[in-house]
Amino acid sequence: MDHQDTVVENFGTCQFENPAGYENWTEENSVVLFQTIFSGSQDALATIQKNPIFFEQAGPRQNIYFNPADVTAGIVTCGGLCPGINDVIRALVMELHYRYKVPRILGFPFGYEGLVKKSGHRPIELTPDKVAHIMNFGGSILGSSRGNQAINDMVDTLCLYGVKMLFCIGGDGTLRGAQAIHEEVKRRKEDIAIVGIPKTIDNDINYVQKTFGFSTAFSKAVEAVNCAHEEAKGAPNGIGLVKLMGRHSGFIAVNAALASKNVNFVLIPESDFDLEGKGAFLEVLKDRIKKRGHSVIIVAEGAGQKYFEDKGEKDQSGNKRLADIGIFMKDRISEYFKKENLNINLKYIDPSYIIRSVPANAEDSVFCGFLAQNAVHAAFAGRTSCVVGIWNNVFTVMPIQLAIAERKVLKPERSTLWRALLASTGQPNRMIAES
C-alpha cells in the first residue's frame, strides 16, 4: 500500500460554518498512523520519515462544504441483516437533524432496489420521532435486498429527489455498489457525497479494525456454543457441532470460542485441515473423545470447501455459493466413528440467522452511533467515495477503493487471535495428515 491509496476524495473548499455547535473540532489535516508496531525505534523513525502511511482522522470540521439548508440526505441499507442497522439509521437521523439542521432525510426501502424507480418503492421521510425507538428492534426499518441494480437509474433517483449525500450501510458488495454510484455521479459532475458505513457480522472489511454487528453476533453465537457443550457433556461420548457464519473469515468462530471457553476445535476458512489420516482432524477428535469423553466443535461456513465440487454458482450478491460444511461434517464424523466401532452422541446446531437478526448489544449500539456520526461529519466536510471505520481505536475515513481491494481475513501464521485460540482450545496448530 502506498500513501496515495489512503487519500480521500473531496469536493473542494469548505466555506460554510459548521452549525453543530461542538466545542472541539477535528483538525483538517489530522491523521492516524497506519503502522503501529516496528522492529525498533530506529525502524519506526525510518519508516515514518521515508514512507509514512496515514488514514484521515474522522470527526467534525469547523468549516463544511455543504450548506445544510440545501441538503437532502439519503440512507440505504443493503445485503444481509446485521445487528445494529437500526442504531446506525437512528444516529444518522439524529445527527443530521439536530446538529446539522438538515431539512429532509429520506430512507430508500429495500437496499439499492429502492433507488430504482421501476421497482415501485418510494422513499420514506425519516424524522427523529420515527426513529426514536428503532434501536430496540433487530433487522432494518428500511428493509434490505441483494443483487445489482442499474447505476444510471439509481443516480437518476438521487437527482430527482435532490439528494446531496447518500449513506450506504452494508458490506463488501454494498460498498462496491456505492463506488459504482460515485463514479456515475462524478461522470455527471454532480456534488453528491457517497459515504459507506461498514456492516458485516463477518468483520471482513479491509483496513477496518471492527465492523458494527460483529460483537453482537459472536456474543449471541456463544449461547449456541454453550448449549452444544451441555449437550456434549450430557451423553456418553457426546459431540456438540456448531456451524457459524464466516464465508471467508473465521472471526466469529474464533471469538465465540474464546468467549465460551468450552470449545475444543475451531475450523475456519483460513486454516486448512484434512479429515482422515495420521494427525488429521478426525483422528485428533477420536483421541479427545477417548481421553475426555466429550468434545465441542465450531465450524465456520466457509471452512473445508475443498471437499466439494466447485460448480461455479453465485448468489444474488455475486458471491460464490458455498456448500453446507455443517451437514457435511455431521455426516463425516458419524461415518468415521461408526467405522471405528466407537459409539458417539452427536448434536448439530446451526444458529446462523438467529445471530444476525437480533438487536445490537450495548457495545455495538455505542459503536454504531460513533460510525454514523462520523459518516455525517465526513459527508458535510465534502468527502466522498469513502468509508468510515476505526483503526488503532481511532475513527477514520478512507477511500472505498481501499476497503474493497481485498477481503480482511484472519492470518493464523501471525495472528495473536489465533494463538489465543490455540491456547484456549488445545487443538493442534495444523490438522494435516502426515504424508
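Does region 84-97 contain at least one residue that is farther than 29 Å from residue 204 by Cβ and out of contact with any Asp or Glu (no Cβ under 9 Å at 6 or more places or on another chain)?
Checking region 84-97: at least one residue is farther than 29 Å from residue 204 by Cβ and out of contact with any Asp or Glu (no Cβ under 9 Å at 6 or more places or on another chain).
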Of (1) modelled with pLDDT of 95 or more; (2) in contact with a Pro (Cβ under 9 Å, 6 or more places away or on another chain); (3) closer than 21 Å to residue 397 by Cα, residue 171 satisfies every one except (1)
Go through the residues of region 93-110 one by one and say whether even a single one is out of contact with any Pro (no Cβ under 9 Å at 6 or more places or on another chain) and within 23 Å of residue 394 (Cβ to Cβ).
yes
Restricting the first residue to region 14-36 and requiring it to be without any contact (Cβ under 8 Å) to a residue 40 or more places away in the chain and closer than 28 Å to residue 3 by Cβ, which pairs with a second residue that is among the hydrophobic types (A, V, I, L, M, F, W, C) and open to solvent by less than 80 Å² (accessible area, probe 1.4 Å) meet a Cβ separation below 7 Å and a spacing of at least six or different chains?
31/54; 31/55; 35/53
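Quick one: how many residues across region 224-242 are in a helix (DSSP H, G or I) and touching a residue at least 24 places away in the same chain (Cβ under 8 Å)? Give the derivation first.
From region 224-242, those in a helix (DSSP H, G or I) are 224-233; that's our starting set.
With the extra rule that they be touching a residue at least 24 places away in the same chain (Cβ under 8 Å), the set shrinks to 224-229, 231-233.
Qualifying residue count for the region: 9.
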Checking residue 392 against (1) more than 22 Å from residue 303 (Cα to Cα); (2) surrounded by fewer than 18 Cβ atoms within 10 Å (Cβ to Cβ); (3) modelled with pLDDT of 95 or more, which test does it fail?
(3)
Could you go through region 172-193 and let me know if any residue there is under 30 Å from residue 241 (Cβ atoms), small (Gly, Ala, Ser) and open to solvent by 20 Å² or more (accessible area, probe 1.4 Å).
yes
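Against the definition (more than 30 Å from residue 54 (Cβ to Cβ) and in contact with a Gly (Cβ under 6 Å, 6 or more places away or on another chain)), how does residue 345 come out, yes or no?
Numbers: more than 30 Å from residue 54 (Cβ to Cβ): yes; in contact with a Gly (Cβ under 6 Å, 6 or more places away or on another chain): yes.
When the stated conditions are applied, residue 345 passes them.
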For region 317-362, how many residues are in contact with an Asp or Glu (Cβ under 6 Å, 6 or more places away or on another chain) and not hydrophobic (A, V, I, L, M, F, W, C)?
3
Residues that are in contact with a strand residue (DSSP E or B) (Cβ under 8 Å, 6 or more places away or on another chain), in a loop (DSSP other than H, G, I, E, B) and closer than 28 Å to residue 319 by Cα, drawn from region 379-431
385, 430
Please indicate, with yes or no, whether at least one residue in region 202-218 is touching a residue at least 12 places away in the same chain (Cβ under 8 Å), assigned to a strand (DSSP E or B) and touching a helix residue (DSSP H, G or I) at 6+ places or on another chain (Cβ under 6 Å).
yes
Within region 244-267, which residues are touching a residue at least 60 places away in the same chain (Cβ under 8 Å) and either touching a Pro at 6+ places or on another chain (Cβ under 8 Å) or surrounded by fewer than 21 Cβ atoms within 10 Å (Cβ to Cβ) (or both)?
244, 247, 248, 249, 250, 258, 261
Whether any residue in region 50-67 is in contact (Cβ under 8 Å) with a residue 60 or more places away in the chain, in a helix (DSSP H, G or I) and surrounded by fewer than 14 Cβ atoms within 10 Å (Cβ to Cβ) is what I want to check.
no
Suppose we filter region 111-164 for residues that are of a type in the set (Ser, Thr, Tyr), open to solvent by less than 30 Å² (accessible area, probe 1.4 Å) and within 24 Å of the chain's Cα centre (by Cα); how many remain?
3
Residues (buried (at least 24 other Cβ atoms within 10 Å of the Cβ) and over 15 Å from the mean Cα position of the chain (by Cα)) located in region 349-383
374, 375, 376, 377, 378, 379, 380, 381, 383
Of everything in region 16-43, what is over 20 Å from residue 390 (Cβ atoms), in a loop (DSSP other than H, G, I, E, B) and open to solvent by less than 70 Å² (accessible area, probe 1.4 Å)? Give them in sequence order.
18, 19, 20, 21, 38, 40
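Among the candidates 88, 8, which residue alone is in contact (Cβ under 8 Å) with a residue 12 or more places away in the chain, farther than 30 Å from residue 122 by Cβ and crowded, with 16+ Cβ neighbours inside 10 Å? Break it down stepwise before answering.
Details: 88 fails: farther than 30 Å from residue 122 by Cβ.
Matching residue, one of 88, 8: 8.
The values are calculated or read from the model by the stated rules, or taken from the named source; none is laboratory data. Treat the numbers as computed from the prediction; the structure is a model and nothing was measured. Glycine also receives a Cβ, built like all others from the backbone with ideal geometry; neighbour counts cover every protein chain displayed. Just the protein is used for accessible areas: all its heavy atoms, side chains included, with ligands, DNA and RNA removed. Shrake-Rupley method; radii C 1.70, N 1.55, O 1.52, S 1.80 Å.
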